[in-house]
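The next block holds one structure in the form of C-alpha cells; read it before the comments.
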Amino acid sequence: MNDQTMTPEERAANLKGMGSSRKRVEDVRFTQGKGNYVDDIKLDGMLFGDFVRSPYAHARVVSVNKEAALALPGVIAVLTAEDLSPLGLHWMPTLAGDKQMVLADGKVLFQGQEVAYVVAEDRYIAADAVELVEVEYEELPVLTDPFEALKSDVVLREDLEGQTEGAHGPRKHHNHIFTWEQGDKDATEAVLAEADVVAEEMVYYHRTHPCPLETCGCVASMDKVTGKLTLYGTFQAPHAIRTVVSLISGVAEHNIRVISPDIGGGFGNKVGAYAGYVCSVVASIVTGKPVKWVEDRMENLMSTAFARDYWMQGKIAATKDGKITGLWCHTTADHGGFDACADPTKFPAGFMNICTGSYDIPTAYLAVDGVYTNKAPGGVAYRCSFRVTEAAYFIERMIEVLAIKLNMDAAELRRINFIKADQFPYQSALGWEYDSGDYHTAWDKALKAVDYDGLRAEQAQRIEEFKAGKTRKLLGIGLTHFTEIVGAGPVKNCDILGLGMFDSCEIRIHPTGSAIARLGTISQGQGHATTFAQIIASEIGLPADDITLEEGDTDTAPYGLGTYGSRSTPVAGAATAMAARKIRAKAQMIAAYLLEVHDDDVEWDVDRFAVKGAPERFKTMKEIAFAAYNQAIPGLEPGLEAVSYYDPPNMTYPFGAYICVMEIDVDTGEWEVRQFYALDDCGTRINPMIIEGQVHGGVTEALAIAMGQEIAYDEMGNVKTGTLMDFFLPTAWETPNYTTDHTVTPSPHHPIGAKGVGESPNVGGVPAFSNAVHDAFRPFGLVQSHMPHDHWRIWKIANGLGLHG
Amino acid sequence: MIPAGFEYHRPGDIASAIGILQEHGDEARVLAGGHSLIPMMKLRMAEMGHLVDLQAIEELKGIEVGADTVSLGAMVTQHELITHDGLASAIPLIREAALQIADPQVRYVGTVGGNVANGDPGNDMPGLMQCLNATFDLSGPDGNRSVAARDFYEAAYFTAREDEEILTRIHIPVPGAAVGQAYEKQKRKIGDYATAAAAVMVGNGTASVAMTNLADTPVWSEGASAALASGDVEGCVAAMLDAIDPVADNRGPVEFKKHVAAVMLRRAIDRAQSRAG
Ligand SMILES: Cc1cc2nc3c(=O)[nH]c(=O)nc-3n(C[C@H](O)[C@H](O)[C@H](O)COP(=O)(O)OP(=O)(O)OC[C@H]3O[C@@H](n4cnc5c(N)ncnc54)[C@H](O)[C@@H]3O)c2cc1C
C-alpha cells in the first residue's frame, strides 16, 4: 500500500492522531528506570543543602548557634534569616498576595518550618550538621483550630499587626486573612426563609496532601563567569518560577534558565515556591557552586503545600417535591501560618463558587473566610482545579442531605435538578458560564450500567438480613454527578502574580517532514509528549510518531503558565491546535503553488492538500515540508514554523457520573469497594487509553483521600501523619477495579472541543466514596459524618447508631 | 532520612559476632534484615557506631522440621517461612501469620529472628511465638541459654536478651494435626502493623491464645487459653480483654481497639475451631 491506494481512514489511522489509543512514548524510559529526575542531576563540585526545622508549631526563635555545625569538616555555610535579610530574601511573596518567611525570622508558625539552611560538601555531612545547629525556642500558645483562631487573643502573624486591609480586602481579626463573597446574599436568605424545606449541614473536607512519589527539590547552579543562573527543579510552572526568581533575586530574567526535567508527579504540590529553592539559589550565588536540595518524605508531608482543609457550612432550600430553590455556603478555610494558596490572584478561594455543581440553582450565596493557624501553608489544588474538589464534595453531600430530609431517592433528586442540555451555555447563580453539557444522558447511562434499581433492591434485602442478624455487612451505594471548571484561564480574569494564564505552543516542521513542538506546560506524568503530538498529527497530517514534544526548558520553550488545574489540554492543547493550523494555512499556499492552482482550489484531506475535484492531484504534508525548505516560493518566507499564544475565551466544564458500591463491616469499620463505575465527559477524547489511565489514577487518589489519607495535627500542632505508615497512599492491593465509560459533549469554544480529564476522577471520586459510606448507614439514621472514613471513624458511626448491640 | 555514620562489620561466625558486640558495648547492634533497624537509624531514633551484619553466618540459617519440633534459624527470612512446604504442613499458622506481615519486598529480607528480637509491640511474630510456646536460643559471652517466648518480652523494645547476646535459633513444638490454628489481623492497608491481631490454637482439649499490638508487649493469656480449652469462647474473650492494654494512636481510640480485639479474637477462634480435627 502507498499514498495512492490507502483509504483516507487508513491514512488517518497511520497518523495515530486524535482518538487513537497510542501507547505513551514516555514509558519507554520510565519503565526502564531511565527517567531523568532532579535527584539524578549531578554537577561538578555540587554542594548539598539541608534544613534545620522547627520541632514546635508556634515558638519564638531566641537564638541560633551555628558554631558546632560550622566546625564539622565539609560544612560550607549555615544560613539563617539574619544572613538573608541584607539581601531582602528572608521573606518571599506567596502566590496568594501574602508573604512567607524563607527562614524563621524571630518566630516559627508551624512544625517543620525552615529555621536554618546548612550547605555541605556531601549529603551526609549536611544531615549531620543539621543535628549540630543549636536553636533555642520559647514556646508560644498553639492554634490548630480555625474557629478558635478567629476568637483567640494570640497573634500568629505579628508582622501584620495593625494591618486591617489584606490582599483581598478587609481583615476582621488579627488571625483573619480575607473574606470572599459571591452571589446574592439577601436574595438567598429570602429564599431560605420562604422555602418548603431547608437542609443544613456542616461539611468538612479534611486537610490532606498531594504526596507526589517524587518529593520537591532543585539544583541551583550559578555560573560566575557568564553570570547565568540555571535552576533545575520539580516545577509545575517553570516560566513563572523564572519570573519569580528574577523578581525576588534581582538576577535579570534573561540570565536565568529554569529547567523542569522529568517530574515524578505533582498534583499541585509543585506549583508554589519553597524556601528550599530560594536558599539553594542564594547558596549557589554565594559559593559559585551548584547546590542541590531535595526534601525527604517527612519534610514533604509536613512542610510543602497541603490541600483542602475547608469547613463548609451549607444550607440548601427546595420545594417539597424536590426542586432546589437556593444554596447558601459559608466556608472557614484553614490556610496555616502563611497564605500560600496557589490560586489565580482574583480568586482567594479558587473556584469554590462552582459549588452549585451540576444543578440549576437559581439563587445562591457563598462566603469564604481565610484563617491563619499554626499549620503548614499551602492550600493547593491537589489534582483538581482550584478548590473545585471542595466545591464538588460540598454540593454532592448537600444533595444527599437534602434527599434524606425529603425522604427521596438521591438519584432522582439529582435528575430533577440537573441543568438541562438546552440550557447551555448556562449562567450559574455564582457567576460562571458553563460551556456545554448533557447531564441527563450521562446520568441515565450510568444508572443503567450499574443496574441502579437492582442495587437498591439488593440493598433493601441486605438491610433486612442485617436486622435479622444474618449478616454484619452493610451495602452502600455512592452517587456523584460532578461538574468541574478547568482550564484557567481567560487572561481578563485569571492571572498568577500578574502573569496572565494563557499558554503556548511552538511547532517547527523539519525538511524531511518530522517535527518538534515545544509548550509552556510541563508533564508530571500526564503524557503530554504522547497526546499533544496526537493533536498535531490530526491537525497537520504528520504521524504522531514523527513529532517530538519538549517542555520544561525556559530557554527553548515559549512562555506559559504551566501544568495544574487541568489547564494543559484546555489552554496549551488549544495553543497546539492553533499553531498547527497556522502551519496548515501556510502549507496550503505551498501546496497550491506546487500544484499550480489557486490557494482556494486545494482542500485538506487527512495528510495532504488535494486539488478540489481532482483528488489524485495532491501534495502530502511531507512533500510540502520539503518544499518549504528547498523552493523559493513567491510571496512566502522559507521554513515551516508557527507559534501560538492562546488566551481561552472561557473555562471548560468537564463533568461525569460516578457510582461506587461498597461493602462495610460494621464491627471493624473495614470496607471493600465492590464496584466502581466512572463515566467521564471530557469533550473530545484525544487518547482514550490515557484518559482511562488518568481516571484510574485519579479515582485511586480519591479513594485514598475519602477513606484514610489525612494530615492530622495534635493539639500541640505536631503532625501525626508524617510518614507513609500513617499517611494512606494506596498500593495495587488497596486499589479496586474500575469500570470506565464516557459520553462526548465537546466544548464549543475550544479549537478541538477538548475539556481536560486528569482531575475529574479526584473531583468526582471523593464524593462517590464518601456518599457510599453515608448511604450504607442512611437507613439507620446517619446524616453527616466527616472524612476520612478510616476504620475507626466508620466504626464510630456504627457505634453511635447503636449497631454494636 | 539520612542516618548518622557507622562502622560496618560482617563476621562469619557467632563467636566473632559476639566478640565485636563485646568490644563496642552499647555502641554496637546486630543487623539482620534491617527493616526495623534501618528506618530507626534514618529517623535518627537509633544511632550506633557499629553495625554487626549477621548475613554471612551460616549457623543462623535454615529451617529444620522434625516430628516433634521445628527449628528456625534466626536469619530465616519471612519469605522463607511462607515458601517452605514442610513448615507449612507442620505448623500452618506460621505461614498464615507471615503472609500478614508487611509486603513481599519487606519479607524477602526481614528475618524471623529480627522480628522476634526487635521488641516492637507491632511485630506479629512475638505474639505468634507465644501462642506456639516457642523457645529462643541465645548465645552470649557467657555461653548459651534458652528463654521461653512467653517470658521474653518485658516492655516495648526491652526483652530478656542481653545487649551482647545473639538470638540464634527458635524452637517450636509441633502442635499436631488435631489442633486447629488461625491468625486474624486487622490493618489499615498492606504493609501496616496490626490494629489488632490474634493467634489462636485450639483442639485436643488444649488451647493457646495470644494477641499483638494491644499492649507494650505481646499478650499471651493463660486465663484466656484455659477458658478456650474448656470450650468457653466468651470467657476466653473476656479474659483477653482484661489482659490487653491498648493505647490510642492513629489507628483509633482505646475503645475501638478493644472492640476490634474481641472481633479478631472471635474470628480467629471460629476459624481455628473449624480446622480442629
Ligand atoms: C513497611 C514495613 C512494614 C512492616 N510491617 C510489618 C508487619 O506488618 N508486621 C511485622 O511483624 N513487621 C513488620 N515490619 C517489620 C519487618 O518485619 C522487619 O523485618 C522485622 O521487624 C525485623 O526483622 P529484620 O530482620 O529486618 O531485623 P533488623 O531490622 O535488622 O533488626 C531489628 C532489631 O532486632 C535486632 N536483631 C535482629 N536480629 C537479631 C538476632 N539474631 N539477635 C539479636 N538481635 C537481633 C537488631 O539489632 C535490631 O535491634 C515492617 C517493616 C516495614 C519496613
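The values are calculated or read from the model by the stated rules, or taken from the named source; none is laboratory data. All of these numbers come straight from a predicted model, not from anything done at the bench. Quick reminder, even Gly has a Cβ in these numbers, built from the backbone with ideal geometry, and neighbours come from all protein chains shown. In case anyone asks, the SASA skips ligands and DNA or RNA and just uses the protein heavy atoms, side chains included. Shrake-Rupley method; radii C 1.70, N 1.55, O 1.52, S 1.80 Å.
Taking a ≥ b ≥ c as the square roots of the eigenvalues of the alpha-carbon gyration tensor, chain B is classed prolate because a/c is 1.5 or more and a/b outweighs b/c.
What chain A shows is 34 Å² of accessible area per residue, with the surface traced by a 1.4 Å probe over protein heavy atoms. Averaged over the residues of B:250-260, the number of partner chain Cβ atoms lying within 10 Å of the residue Cβ comes to 5. Remark: accessible area buried at the A-B interface is about 2200 Å², both chains counted, probe radius 1.4 Å.
Considering only the other residues whose Cβ falls under 11 Å of the Cβ of B:Asn144, what net charge follows from Lys and Arg at +1 and Asp and Glu at -1?
Taking every other residue near B:Asn144 into account, the sum is -1.
Note on chain B: with neighbouring protein chains present and a 1.4 Å probe, carbon and sulfur make up 49 percent of its accessible heavy-atom surface. Using the average count of surrounding beta-carbon atoms within 10 Å as a protection proxy, the listed peptides A:32-40, A:788-796, A:569-577 rank, highest first, as A:569-577, A:788-796, A:32-40. Peptide A:706-713 has a mean of 1 when you count, residue by residue, the C-beta atoms of other protein chains within 10 Å of its C-beta.
Relative to the Cα centre, what is the charge dipole magnitude of the range A:72-159, using +1 at the beta carbon of each Lys and Arg, -1 at the beta carbon of each Asp and Glu, and rounding to the nearest 20 debye?
Using Cβ point charges on Lys, Arg, Asp and Glu, the range A:72-159 gives about 340 debye.
Is the shape of the range B:152-277 best called rounded, prolate or oblate, per the rule: a/c under 1.5 gives rounded, else a/b larger than b/c gives prolate, else oblate, with a ≥ b ≥ c the square roots of the Cα gyration tensor eigenvalues?
Since a/c reaches 1.5 but b/c is at least a/b, the shape of the range B:152-277 is classed as oblate.
Hey, what D do you get for the range A:300-380 in µm²/s if you plug the Kirkwood alpha-carbon radius into Stokes-Einstein at 25 °C and 0.890 mPa s?
175 µm²/s
The residues A:Lys292, B:Lys61, A:Lys405, sorted by heavy-atom accessible surface at 1.4 Å with ligands and nucleic acids left out, run A:Lys405, B:Lys61, A:Lys292 from largest to smallest.
Using C-alpha pairs below 8 Å separated by at least 6 residues, the relative contact order for chain B is 16 percent. Considering all C-alpha pairs of the range B:1-156, those separated by over 24 Å amount to 34%.
Peptide packing: for B:100-107, B:154-161, A:408-415, the average count of neighbouring Cβ atoms within 10 Å per residue gives the ranking A:408-415, B:100-107, B:154-161, highest mean first. Among residues other than A:Ser284 with Cβ under 10 Å from its Cβ, the summed charge is +2 (Lys and Arg +1, Asp and Glu -1).
Counting only alpha carbon atoms, the long axis of helix B:14-24 and the longest principal axis of chain B meet at about 70°. The HN-Hα couplings worked out from phi for the range B:69-75 by the Karplus form 6.51 cos²θ - 1.76 cosθ + 1.60 (θ = phi - 60°) are 9, 10, 10, 10, x, 4, 8 Hz, whole numbers, x standing for Gly and Pro.
Counts of other chain beta carbons within 10 angstrom of each beta carbon in peptide A:724-732 average 3.
Exceeding 24 Å between C-alpha atoms, which entries from my cross-link table qualify? They are A:Lys34/B:Lys187; A:Lys185/A:Lys346; A:Lys492/A:Lys755; B:Lys189/B:Lys257; A:Lys228/A:Lys289. Checking Cα-Cα distances, A:Lys34/B:Lys187 exceed 24 Å.
Beta bridges assigned by DSSP with both partners in the protein assembly as shown are antiparallel in approximately 80 percent of cases.
Please say if chain A is rounded, prolate or oblate, where rounded means a/c under 1.5 for a ≥ b ≥ c the square roots of the C-alpha gyration tensor eigenvalues, and otherwise the choice is prolate for a/b larger than b/c and oblate otherwise?
In terms of gyration-tensor shape, oblate.
Counting charges near A:Ser538 (Lys, Arg +1; Asp, Glu -1) among other residues having Cβ under 14 Å from its Cβ returns a value of +1.
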